[in-house]
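Worksheet for the structure shown next.
The values are calculated or read from the model by the stated rules, or taken from the named source; none is laboratory data. Quantities reported herein were computed from a predicted structural model and do not represent experimental measurements. Here the Cβ positions follow ideal geometry from the backbone for every residue, glycine too, while neighbour counts run over all protein chains shown. Calculation scope for accessible area: heavy atoms of the full protein, side chains included, ligands and nucleic acids excluded. Shrake-Rupley method; radii C 1.70, N 1.55, O 1.52, S 1.80 Å.
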Amino acid sequence: MLVTFEGIEAAGKSTLIEALAQDLGTRGEPVLVTREPGGTPLGDALRAIFLDPSRRVDPMAEVMLLNASRAQLVADVIAPALRTRTTVLCDRFFDASVAYQSFGRGLDVESVLEVCLVATQRIAPDLTFLIDIPVALSRERVRARGGADRLERENGQFHEQVRTGYLALAERFAKRYVVLDGTLPREALAAAAREHIEQRRNAALP
Ligand code: TMP
């Protein structure tokens, strides 16, 4: 099962993924954690280029860089793991390209989606958690962390558009989306996500 985690900057994806992975691991279930862009040596190299604040990257070039990383990740990591019935927890997947490059940068949604589906061999998530937080809180957390990357440096309006994009995706793909309130305490978020994963697995059992 492929479970993806989405949200604007500093929404709390990594903390949630860590808690869920620990949970599944403790129960002896096969689990794999990965992220985008990245997750392979090629992807990690592309990630460094993509996030480098000193570069100017055209929006369509962003899509291509991200999907090069994605294609490698799917081919080398995600598809093989799914074949062995491992639960894959992926920190961002192609919805991020629609939210950031289409809603954020203004590229056509359907074209970006099609490029993404070609890159993933048409593999789509079984379940997607959108951890939703207000942009003001996101910016506060990024500031507190320090050292903002190229995307984190974009203005508030860009991040509002990305948030709007995610909420639109959650409506469009309502069957696989669960929107979580990212302002809830960590434990409450993890408990809610755990329950949704359990439900989804039971529904998928033969
Ligand atoms: P992360 O720091 O949350 O791992 O994400 C890296 C950054 O890359 C984040 O600002 C979102 C951005 N991104 C896109 O713009 N498009 C994408 O398709 C992906 C996967 C990430």
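Structure summary
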{"item": "Scope the stretch 28-51; condition open to solvent by 40 Å² or more (accessible area, probe 1.4 Å) and either over 17 Å from LEU2 (Cβ atoms) or within 11 Å of the ligand (Cβ to nearest atom) (or both); matching residues", "result": "GLY28, ARG35, PRO41, LEU42, ASP44, ALA45, ARG47, ALA48, ILE49"}
{"item": "Residue among VAL135, VAL142, VAL162 that alone is within 14 Å of the ligand (Cβ to nearest atom) and either without any contact (Cβ under 8 Å) to a residue 12 or more places away in the chain or closer than 30 Å to ALA75 by Cα (or both)", "result": "VAL162"}
{"item": "Whichever residue in the stretch 1-28 is of a type in the set (D, E, K, R) and outside any loop (DSSP other than H, G, I, E, B) and, among such residues, is nearest to ARG176 (Cα to Cα)", "result": "GLU6"}
{"item": "Any hit, the stretch 140-159, residues being among the aliphatic types (A, V, I, L, M) and more than 21 Å from PHE50 (Cβ to Cβ)", "result": "yes"}
{"item": "Selected residue (criterion: nearest to LEU89 (Cα to Cα)) from residues of the stretch 111-129 that are β-branched (Val, Ile, Thr) and open to solvent by 10 Å² or more (accessible area, probe 1.4 Å)", "result": "ILE123"}
{"item": "Exclusive hit being within 25 Å of MET60 (Cβ to Cβ) and surrounded by 13 or more Cβ atoms within 10 Å (Cβ to Cβ), set ASP108, ASP149, ASP132", "result": "ASP149"}
{"item": "First in the stretch 29-54 and without any contact (Cβ under 8 Å) to a residue 12 or more places away in the chain, second anywhere and within 12 Å of the ligand (Cβ to nearest atom) and in a loop (DSSP other than H, G, I, E, B), Cβ under 8 Å, 6 or more apart", "result": "ASP44/GLY38"}
{"item": "Flag for SER97 being at pLDDT 95 or above and within 10 Å of the ligand (Cβ to nearest atom)", "result": "yes"}
{"item": "Tally of residues being of a type in the set (Gly, Ala, Ser), open to solvent by 20 Å² or more (accessible area, probe 1.4 Å) and within 12 Å of the ligand (Cβ to nearest atom) across the stretch 11-27", "result": "2"}
{"item": "Residue check for MET64: within 14 Å of the ligand (Cβ to nearest atom), touching a Leu at 6+ places or on another chain (Cβ under 9 Å), in a helix (DSSP H, G or I) and open to solvent by 10 Å² or more (accessible area, probe 1.4 Å)", "result": "no"}
